[in-house]
Amino acid sequence: MLPPDQSSDAANSAAAGPSRRTFLKQTGGLLGVALAPPLAGQAEAIADKMAPASPILSGPTNVSLTINGQTKNLRLEPRTTLLDTLREYLDLTGSKKGCDHGQCGACTVLVDGQRVNSCLTLAIMAQGKPITTIEGLAKGDDLHPMQEAFLKHDGFQCGYCTPGQIMSGVACVKEGHATTDAQTREWMSGNLCRCGAYPNILAAVREVAGQQAKG
Ligand code: FES
Ligand code: FES
């Protein structure tokens with residue numbers, strides 16, 4: 001036999017309609033019925049959509065990259081960034097990891113001639129495109145003119161941002177975006193230097209562009 005309080009609760013709830021617990025159970029069940037199938041359906045639809053275009057979504061996979069004119073065959077998780085690939089798997093540590101969030105430019109490399117933040121680029125996205133890193137700029141002992149100009153103008157202090165600055169400078173000149181001091185500053189603004197070498201960096205990039213910086 002139920003204690004008096006419970007039996008009276010039961011009696012009351014029977015009279016007053018479903019109890020709170022019954023209500024939660026019922027609504028939970030209803031929500032489950034209402035939400036579960038569409039969510040499952042959506043996930044399947046997304047998986048179906050992704051499957052044909054990107055059959056490799058997880059697990060190590062073969063990746064072939066052309067870096068500084070050399071083909072490198074690797075087996076990587078698809079989520080591996082180009083920066084980690086260069087630094088961790090290929091020992092190309094010239095490209096630096098500053099913020100790892102696309103905000104400092106220390107990791108700048110050229111992919112198909114375009115500057116990219118390699119920390120925001122997946123290695124698999126760069127397949128089939130020529131990749132140039134700071135290690136690929138010099139021809140033997142002959143430095144690239146941008147490297148020479150950085151040395152001449154003392155365009156670095158600690159040097160941590162320098163590889164990214166140089167790669168960005170090379171592209172900036174090639175794009176024709178180094179024709180004035182103001183334009184050069186604007187188009188180099190994605191490359192941060194914590195050591196305050198900006199005027200010297202500007203001077204180096206402007207020199208390679210064929211003009212003298214006016215400060
Ligand atoms: S490390 Fe890539 S932008 Fe900072
Ligand atoms: S030279 Fe030190 S961060 Fe630029």
Which of the residues spanning the stretch 173-193 are without any contact (Cβ under 8 Å) to a residue 40 or more places away in the chain and either in a helix (DSSP H, G or I) or closer than 15 Å to Pro145 by Cβ (or both)?
Val173, Glu175, Ala178, Asp181, Ala182, Gln183, Thr184, Arg185, Glu186, Trp187
A careful count of residues in the stretch 80-91 that are under 16 Å from Asn117 (Cβ atoms) and out of contact with any Cys (no Cβ under 6 Å at 6 or more places or on another chain) gives 6
For the list (1) on the phi < 0 side of the Ramachandran plot; (2) of a type outside the set (Val, Ile, Thr); (3) surrounded by fewer than 17 Cβ atoms within 10 Å (Cβ to Cβ); (4) within 16 Å of ligand 2 (Cβ to nearest atom), I need the number of the one condition that Gly159 fails.
(1)
Looking at (1) charged (D, E, K, R); (2) within 24 Å of Lys96 (Cα to Cα); (3) not in a helix (DSSP H, G or I), which is the one condition that is false for Arg206?
(3)
Only one of Thr132, Thr81 is more than 16 Å from the chain's Cα centre (by Cα), crowded, with 18+ Cβ neighbours inside 10 Å, at pLDDT 95 or above and among the β-branched types (Val, Ile, Thr). Can you tell me which?
Thr132
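The rows are residues; the columns are (1) aromatic (Phe, Trp, Tyr); (2) under 19 Å from Gly102 (Cβ atoms).
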| site | (1), (2) |
| --- | --- |
| His153 | no, no |
| Gly159 | no, no |
| Gly169 | no, yes |
| Lys174 | no, no |
| Thr180 | no, no |
| Gln183 | no, no |
| Leu192 | no, yes |
| Tyr198 | yes, no |
| Leu202 | no, no |
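Can you pull out the residues in the stretch 135-156 that are part of a helix (DSSP H, G or I) and open to solvent by 10 Å² or more (accessible area, probe 1.4 Å)?
Glu135, Gly136, Pro145, Gln147, Glu148, Leu151, Lys152 - these are the residues of the stretch 135-156 that are part of a helix (DSSP H, G or I) and open to solvent by 10 Å² or more (accessible area, probe 1.4 Å).
The values are calculated or read from the model by the stated rules, or taken from the named source; none is laboratory data. Everything numeric in this text was worked out from a predicted model, so none of it was measured. Glycine gets a Cβ as well: all are built from the backbone with ideal geometry, and neighbour counts include every protein chain shown. Each accessible area value is taken on the protein alone, full model and side chains, heavy atoms only, with ligands, DNA and RNA left out. Shrake-Rupley method; radii C 1.70, N 1.55, O 1.52, S 1.80 Å.
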